[in-house]
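Inspection log for the structure reproduced underneath, given as structure tokens.
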Amino acid sequence: MSKQKYKYNPATLSYDKVEIGPWKRVLRVLLWIAPSVVLGLLLAIVITRRIDSPREKELKSELLENQRELNRLQNDMKLVNEVLDVLQSRDEDLYRAALYADKFPEELRMMGVGGSDRYAYLSKLSNAELLISTSEQMDKLERRLNAQSMSFRELLKLAKDKEKLLASIPAIQPVRNKDLKKRISGFGFRIDPIYKTRQKHTGMDFTADAGSDVYVTGDGVVEEIERKKWGYGNCIVINHGYGYKTRYAHLSAIKVKVGQKLKRGELIGLVGSTGKSTGPHLHYEVEVNGEKVNPIGYYHSDLSPEQFEQLLEMSENSHQSMD
């Protein structure tokens, strides 16, 4: 209970009661509680700024985790780029050199993916700088991977073509060594056995018993079969592709038909003496881009160095052909 206050009145020489109006009472109450209100507001401001709510703590934790994941992703991309550097080096210096391939176009490795505003939508997000940097690296990595994939697809096609080429090139003797006789007439100018004149011999004559097996010397397709009384006699022409053809002449029997696909080493005919021939033998020719070349360089797959030297000596020492 509040105390009654009095005020001395000189006119009456007595003390009068002091009456307080309602507004003064309200003002006094306000003045009394104001410090508490101000203090409460200050404490609220401090608490809200210094102490996070559970939701804010959760969001900050998620943001920190995202930042760690982005940093880890950047490190992983750095490692992938290092591996790509090695692959690109092998691509250019090893694989393309081995396959005689042209250098992969640099502009395809560096092709762009958009302007500088491509990442503008990230600029207002938390960790914007890290997000933009990571996005740029991801796009560059994607371009490099796409380019390297294109390069490897090209190399794979070249490798398959090379494998097919190697299988198609004439590379073995058309007659087995055990079936051969001593006499072999080589490529070049020889004495014609019929006309006794010096003429260009466009193949090699392998002397063997009539009926000896004749084998195709590389993968190919039977392009032509001839059966004549003179010239090559019974003859097979094989198209190996890549500009290569081979001819097998004077056969006693033909074991294939036009259009038939063949693998190196398949039986195609038998040695004979048909056409312009002085005895059982196989006349064998190799043609490259329309030009008949010396077959001596196309037996590398089944002859030892010693056998090749012997074959070379035999072919050069014979001065007369058999057809």
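The values are calculated or read from the model by the stated rules, or taken from the named source; none is laboratory data. Predicted model, so just to flag it, every value in this text is computed and none were measured. Every residue, glycine among them, receives a Cβ derived from its backbone with ideal geometry; neighbour counts consider all protein chains shown.
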Worksheet item: Which members of the range 200-221 meet the condition of being in contact (Cβ under 8 Å) with a residue 40 or more places away in the chain and not in a loop (DSSP other than H, G, I, E, B)?
Response: HIS201, MET204, ASP205, PHE206, THR207, ALA208, ASP213, VAL214, TYR215, GLY220, VAL221
Worksheet item: Being in a loop (DSSP other than H, G, I, E, B) and at pLDDT below 90, is that true of even one residue in the range 309-320?
Response: yes
Worksheet item: What residue, among those in the range 236-272 that are surrounded by 20 or more Cβ atoms within 10 Å (Cβ to Cβ) and of a type in the set (Ser, Thr, Tyr), is farthest from LYS162 (Cα to Cα)?
Response: TYR248
Practice prompt. Can you confirm whether the range 201-210 contains a residue that is at pLDDT 90 or above and surrounded by fewer than 13 Cβ atoms within 10 Å (Cβ to Cβ)?
Written response: yes
Worksheet entry | Residue in the range 68-91 that is acidic (Asp, Glu), exposed (fewer than 11 other Cβ atoms within 10 Å of the Cβ), assigned to a loop (DSSP other than H, G, I, E, B) and at pLDDT 75 or above present | no
Worksheet item: Yes or no: GLY233 under 26 Å from GLU163 (Cα atoms) and modelled with pLDDT under 95?
Response: no
